[in-house]
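First the structure, in the form of structure tokens, and then the observations on it.
The values are calculated or read from the model by the stated rules, or taken from the named source; none is laboratory data. The structure displayed is predicted, hence computed values, not measured ones. Note that each Cβ is placed from the backbone with ideal geometry, even for glycine, and that neighbours are counted across all protein chains shown. Protein only, heavy atoms only, side chains kept; ligands, DNA and RNA dropped before computing areas. Shrake-Rupley method; radii C 1.70, N 1.55, O 1.52, S 1.80 Å.
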Amino acid sequence: MNPYELARAALEKKQLNAADRGFSAILKKAPGHWQAMRDLGVVRLHQGRFADAEKLLRRALEIRPTDADARLQLAEMFFALKRSEEAIACYEEALAVDVACERAWVGLHRVFDGLGRGGDALERLSHAADAHPDSFVLQVCVGDMLARLDRHADALRFFVRALRIKHNDPVTQIKYATALYFAERYEESVAAYELALALTPSDAFCLSQKGNALFKLGRNAEAVSVLARALESKPGDYDALVGMGATLWRMGRNEEALSFLQAALGVNPRGTAAFNNLGHVMAALKADADAIVMFDRVHELEADSPLDSRLTAATCRLRLGNYAEGWRGYETRFSVARHPIIAPEKYAGAKRWNGEDLNGATLLVTAEQGHGDTVQFSRYMPMLARSVNGRVVFAVQAAVQPLLAPSVAAWAPAGNLTLASHLGELPHCDFHVPLMSLPLIFGTRVETIPSARKYLSVPQSYREKWRSALPANGKLRIGIAWSGNAAHVNDHNRSMPIAHLAPLLGDASVDWCVIQPGLSPFDQLSLTSVPHVFNAGNHLTDFADTAALIEILDVVVSVDTSVAHIAGALGKPIWLMLPWAAEWRWFHDRTDSPWYPSARLFRQPALGDWEGLVDNVQQALIEFARGKAASELGSAATLEFVM
């Protein structure tokens, strides 16, 4: 190696004194050796001798004006010294030499970002990429910068351009697939990861991310297979371990999930994703107190974590009956990305209401989450209308509005409550409050839940429509619903495959009535084998239809969906079929509900055991039928005696 190469090697190893001696010796013999001059400037920079570093780097640039590295070293020194304008000038000079210099663009963005002008550098870089569409480096640089800003959808077009230039570049293909993943385009993401894996079959990150995309699509068995390959390629990979744990939890294989997530914490003891998923697994095992510890740990490690740990901790506290802390924590639901039912623009300018005196002002109450939530928490509207000094507007989903409309006058005899649809324009409002924040404002505890046996009424026109829907043959009339909205985050846990209902639906001595719309093709086909079952689902246009049908039934048997809430709100006997670890509102192990006095809760005897639950429902129905027959017989005997 020549003297310059020896000095460079020392610099690369951070042997600063040796590098200093080497470059100084070269410059003593050859004062115009611009590389040695530049590199000695870098040594001085590392030594903290900034004035000397600046002189050497500038002298090197006088000799070699096109040397981008010297300008970049100067720019980075100026940035560290908070000499922002000089840093910007050096980065721009470097870009004048090489417009595709990624290091210069990234540095320029960092300086502008520190000045609160991050968008300026990005805009200039985007223009440069548009002006040089054949520059692979520029396209990737813009895509990377946008991805770092979580603007993944915007990053996609630049990664696409880059792949047109180098279609077999595995790193860019992985970046493109990952941008699709974070843009929530999971099907396309899986396909893009498959293309990347064709180029680099053993890439653990690529395999892990493909597994996560499959998990998002609910293709759990495929996800497990791909994540297993990731762990074969890189044993102990944190992301693959967490992904495997999350997928196994989704599949109800909780004990296996625990082992993978604990292994992930062995790799990264501060891994928030591992703690968060451990919390979900423990909640699924009914270990809510332990789950809360895991969720709280996420918040301790990362106060602004995008994970839903604080919300899920709150639901665990609610399920345990700790409503004081639970309702407070439940307010964090707004930090989790959701699609609001009532667009915030419709009440822009209204202040958030926290229970203060309205003094004649107008308060908007906005429905949120599912239809069943709106039905359940509409029970607070009579309390609210009576307690406030002002007008109340209750904005709800259009499908729920006809059901709630007849109750408004009874809820607010003073006439200060009106109902509005989420589809229409809203009147001017001074304050607003989300519907499910009312329990916090009213200080609800388990023992103070507003629990009127019946707080909704069926509209008369709908009652007339459904009065003769079922034959008057004296049979027991039972409504049945076994699945909810497939898009619900917990639907895999709460909904039941129709096959488990065969012991019930096969009983032709009962008038069975399906009261859920939108059956899957498989479920519709299954019903053809039981022609005595009346499928009313296709005739239900809104929830007032559902309520009118429920009113003529003897009992409703349903999983945790809006049907159950409507039956409970009407005071109709509702038999809820719940999973092993039910949602927070149904607590643990209770057979009754403080929310609905007419409810009877049936729970899986063991995790996933729908068969055992249905057996219990079947036995209860036999007893219910006997009791009803005995009651009718007694009534008939009494009538004969009187006559």
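Answer yes or no: is there a residue in region 208-219 that is open to solvent by less than 40 Å² (accessible area, probe 1.4 Å) and over 30 Å from Glu300 (Cβ atoms).
Looking for residues that are open to solvent by less than 40 Å² (accessible area, probe 1.4 Å) and over 30 Å from Glu300 (Cβ atoms), one finds at least one in region 208-219, hence yes.
Where in region 22-96 are there helices (runs of 4 or more DSSP H), lying fully within it, with 3 or more residues that are open to solvent by 40 Å² or more (accessible area, probe 1.4 Å) and either of a type outside the set (Phe, Trp, Tyr) or without any contact (Cβ under 8 Å) to a residue 24 or more places away in the chain (or both)?
Answer list for region 22-96: 50-63, 68-80.
Let me confirm something: among Thr561, Thr528, Thr541, which residue is touching a Gly at 6+ places or on another chain (Cβ under 7 Å), modelled with pLDDT under 95 and either under 30 Å from Arg317 (Cβ atoms) or open to solvent by 40 Å² or more (accessible area, probe 1.4 Å) (or both)?
Thr561
Return yes or no: is Arg103 modelled with pLDDT of 85 or more and either within 21 Å of Leu122 (Cβ to Cβ) or open to solvent by 70 Å² or more (accessible area, probe 1.4 Å) (or both)?
Judged against the criteria, Arg103 is not a match.
Looking only at region 277-309, filter to residues that are assigned to a loop (DSSP other than H, G, I, E, B) and not aliphatic (A, V, I, L, M); which one of those is nearest to the chain's Cα centre (by Cα)?
Step by step, filter region 277-309, then rank; the result is Asp308.
Any residue in region 251-267 that is open to solvent by 30 Å² or more (accessible area, probe 1.4 Å), more than 29 Å from Trp580 (Cβ to Cβ) and in contact with a helix residue (DSSP H, G or I) (Cβ under 8 Å, 6 or more places away or on another chain)?
yes
I'm checking my understanding of the structure. Among residues of region 109-148 that are in a loop (DSSP other than H, G, I, E, B) and more than 18 Å from Ala96 (Cα to Cα), which one is farthest from the chain's Cα centre (by Cα)?
Step one: of region 109-148, the residues in a loop (DSSP other than H, G, I, E, B) are 115-117, 132-135.
Those left that are additionally more than 18 Å from Ala96 (Cα to Cα): 115-117.
Values: Leu115: 33, Gly116: 30, Arg117: 31 Å.
That would be Leu115.
Which residue is surrounded by the fewest Cβ atoms within 10 Å (Cβ to Cβ), if the candidates are limited to region 406-430 and must be out of contact with any Ser or Thr (no Cβ under 8 Å at 6 or more places or on another chain) and more than 19 Å from Met383 (Cβ to Cβ)? Walk me through how you get there before you give the answer.
Our first condition is that a residue be out of contact with any Ser or Thr (no Cβ under 8 Å at 6 or more places or on another chain); within region 406-430, this holds for 409, 411-426.
Now restrict to residues that are more than 19 Å from Met383 (Cβ to Cβ): 420-426.
On the way: Ala420: 22, Ser421: 17, His422: 19, Leu423: 9, Gly424: 10, Glu425: 7, Leu426: 19.
Here the residue is Glu425.
Working only within region 224-250, note down all residues that are in a helix (DSSP H, G or I), free of Cβ contacts under 8 Å to residues at least 24 places away in the same chain and open to solvent by 50 Å² or more (accessible area, probe 1.4 Å).
Ser225, Arg229, Glu232
Could you identify the single residue in Arg391, Arg453, Arg386 that is more than 25 Å from Glu325 (Cβ to Cβ), open to solvent by 30 Å² or more (accessible area, probe 1.4 Å), modelled with pLDDT of 95 or more and not assigned by the TED database to the domain that holds Ile515?
Arg391
Looking only at region 493-501, decide whether some residue is assigned by the TED database to the domain that holds Val555, surrounded by fewer than 14 Cβ atoms within 10 Å (Cβ to Cβ) and not basic (Lys, Arg).
Yes, there is a match, as at least one residue in region 493-501 is assigned by the TED database to the domain that holds Val555, surrounded by fewer than 14 Cβ atoms within 10 Å (Cβ to Cβ) and not basic (Lys, Arg).
In the set Ala162, Ala155, Ala196, which member is more than 20 Å from the chain's Cα centre (by Cα), assigned to a helix (DSSP H, G or I) and under 18 Å from Ser225 (Cα atoms)?
The unique qualifying residue is Ala196.
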